[in-house]
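Asks: Got a structure for you, written out below as structure tokens; questions coming shortly.
The values are calculated or read from the model by the stated rules, or taken from the named source; none is laboratory data. A quick note: this is a predicted structure, and the numbers were derived from the prediction, not measured. Reconstructed Cβ throughout: ideal geometry from the backbone, glycine too, with neighbour counts over all protein chains shown. In case anyone asks, the SASA skips ligands and DNA or RNA and just uses the protein heavy atoms, side chains included. Shrake-Rupley method; radii C 1.70, N 1.55, O 1.52, S 1.80 Å.
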Amino acid sequence: MDKPIVILAIESSCDDTSAAVIVDGNLRSNVIASQKVHEEFGGVVPELASRAHQLNIVPVVDTAIKRAEITTQDISAIAFTRGPGLLGSLLVGTSFAKGLALSLNKPLIEVNHLQGHVLAHFIEPPYPTFPFLCLLVSGGNSQIVLVNAYNDMQIIGQTIDDAAGEAFDKCAKVLGLPYPGGPWIDKLAKQGDPTKYPLAKPNIQAYDYSFSGLKTSFLYTLRDLLRERNLETVDQLAAEIPNLREDMCASLQTTIIDILMRKLKKAAQDLKIRQVAVAGGVSANSALRQAFIDYGKRYKWDVFIPPFAFTTDNAAMVAQAGYFKYLDKDFCPIDAVPYAKTKI
Ligand code: KG4
């Protein structure tokens, strides 16, 4: 009998330290240590993220190996996120992966974080068939990806400024909500009126996105409300306007989703593709998930929405991407260095 293919994967691109094990394409463990240290700063502090990764990486990898009920000798290859992400954070995962690969004499596989998000759709069925479109929306990216094969992807549209997750987080901060603001906006929007505060939508070429104008429009709406009432803080305003935060959240969320879905619909129609997926942290958003279901019904798409556990950063997706690369014998040299920015 052939030896099973065992991939140990490490993800450390931002503020989650994660390790996963996949055996013959089946996920055996996926351990994630999130970093609470950033909450009080309203955003990820890169230096603190690197230090927390250093503290977390050994126990996280150890737990992933134990939960998968394997030994280090069973490992066929070690996959790691090489980028894009925070350089200091990536360095911790990359260095650890290299050290382990050297000590165990195992091959290394580099994984692009964005490809990992897309390939998260192959962790559990139902799987999309090629070619399919994937809307990749996270704290750092907003892209429409044309996926031709596991290891053949093309970005056909992307944000020219902020990412969708960034727009959620920065607007949440203006409202005085904790970081990350996306889940808070999702929650409050459920009680809000999405038509109450009309916000600016961009007019951008082709399949590209822009969210900076929307952010400014959100800020100016609040500024004008404050001026009209001669008030200084959002708390004072919320005390005077019932449901202010809920209505602002609902208006913002509905505008972001409308911007995302219109471009995706255009791409799907132009390319005549009806297999459409969503990935990345923002795909946890309940209204975006519903929009996918609604568009799917209206335009006869087969829609693929990842389970919640695989929407945010996790090593399971890196393991899945690593497994496909292993099958292609696509290994990387031991001197591979991380990169902060890249295309797929
Ligand atoms: O992919 P991800 O975990 O990592 C990075 O890009 O770093 O995405 C994180 C982003 C954050 O901007 C967060 O606010 C957003 O995903 N997010 C959400 C929701 N859950 C997470 N945005 C909107 N609604 C949500 N429920």
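Asks: Can you give the Kirkwood hydrodynamic radius for the range 205-344, in Å, rounded to one decimal and based on Cα pairs?
Replies: On the way: mean 1/r = 0.0531 Å⁻¹.
Evaluated over the range 205-344, this radius sits at 18.8 Å.
Asks: Can you sort W184, W301 by solvent-accessible area, 1.4 Å probe, largest first?
Replies: Heavy-atom accessible area, descending, gives W184, W301.
Asks: Return a whole-number percent for the relative contact order of the range 109-231, with Cα pairs under 8 Å and 6 or more residues apart as the contact set.
Replies: Once normalised by length, the contact order is 19 percent.
Asks: A further question follows. Could you give the length gained by full extension between K272 and N243, i.e. 0.36 nm per residue of separation minus their alpha carbon distance, to one decimal place?
Replies: Length difference between fully extended and current span is 6.2 nm.
Asks: Helix-derived [θ] at 222 nm for the chain: sum -39500 (n - 2.57) over DSSP H runs of at least 4, divide by residue count, nearest 500?
Replies: -13500 deg cm²/dmol
Asks: Same structure again: Give the relative contact order (percent, whole number) for the range 129-306; include only Cα pairs under 8 Å separated by 6+ residues.
Replies: Taking the mean separation of contacting Cα pairs over the length of the range 129-306, I get 27 percent.
Asks: Helix 212-228 against the longest principal axis of the chain: what's the angle in degrees, Cα atoms only, rounded to the nearest 10?
Replies: Taking the Cα atoms of the chain, the angle to 212-228 is about 30 degrees.
Asks: Calculated FRET efficiency, L327 and R262, Cβ-Cβ r, R0 45 Å, to nearest 0.05?
Replies: Taking R0 as 45 Å, the efficiency between L327 and R262 is 0.75.
Asks: Give the calculated FRET efficiency between A309 and F130 to the nearest 0.05, with a Förster radius of 25 Å applied to their Cβ-Cβ distance. Intermediate values should be presented prior to the final figure.
Replies: Details: r = 24 Å, r/R0 = 0.97.
So the FRET efficiency works out to roughly 0.55.
Asks: Determine which residues of the range 273-299 fall in the zone a paramagnetic label at K190 would reach in this model, i.e. backbone nitrogen under 16 Å from the point 7 Å along Cα→Cβ.
Replies: 284-291
Asks: Right, here's the next one. What distance in nm separates the simple spin-label points at D24 and I160, each placed 7 Å from Cα in the Cβ direction?
Replies: The modelled label-to-label distance comes out at 5.1 nm.
Asks: Determine the principal axes of the Cα atoms in the chain, then give the extent along each, sorted from largest to smallest and rounded to whole angstroms.
Replies: 72, 46, 30
Asks: At 1.4 Å probe size, put D186, D302 in order of accessible surface, largest to smallest.
Replies: D302, D186
Asks: Moving on to the next point. Would you mind checking which residues have amide H under 5 Å from A77's amide H? H placed 1.01 Å from N; only 5 or more apart, or other chain.
Replies: Here V6, L8 satisfy the definition.
Asks: Can you give the FRET efficiency to the nearest 0.05 for L48 and S95, using r as the Cβ-Cβ distance and R₀ = 30 Å?
Replies: Working: r = 18 Å, r/R0 = 0.60.
So the FRET efficiency works out to roughly 0.95.
Asks: Shifting gears a bit: On C-alpha positions alone, give me the angle between the axis of helix 244-271 and the longest principal axis of the chain, in degrees, nearest 10.
Replies: 60 degrees
Asks: Going down the table (K66/K98; K187/K300; K263/K325; K190/K266; K297/K329), which pairs top 32 Å between alpha carbons?
Replies: K297/K329
Asks: Amide H to amide H under 5 Å from R28: which residues, 5+ apart in sequence or cross-chain, H placed 1.01 Å off N in plane?
Replies: V21, I22, V23
Asks: In the chain, what percent of the accessible surface is made up of carbon and sulfur (1.4 Å probe, ligands and nucleic acids excluded)?
Replies: Numbers: 8090 of 15460 Å².
In the chain, the share of accessible area belonging to carbon and sulfur is 52 percent.
Asks: Continuing with the same structure: When only alpha-carbon atoms count, how far does the range 129-306 stretch along each of its three principal axes, as whole angstroms with the largest first?
Replies: Extents along the principal axes, in whole Å: 56, 27, 25.
Asks: Taking the mean number of other Cβ atoms within 10 Å as a proxy for protection, how do you rank 129-140, 257-268, 228-239, 6-17 from highest to lowest?
Replies: 6-17, 129-140, 257-268, 228-239
Asks: Averaging sequence separations of C-alpha pairs under 8 Å and six or more residues apart, then dividing by the length of the chain, give the relative contact order as a whole percent.
Replies: Relative CO of the chain lands at 25 percent.
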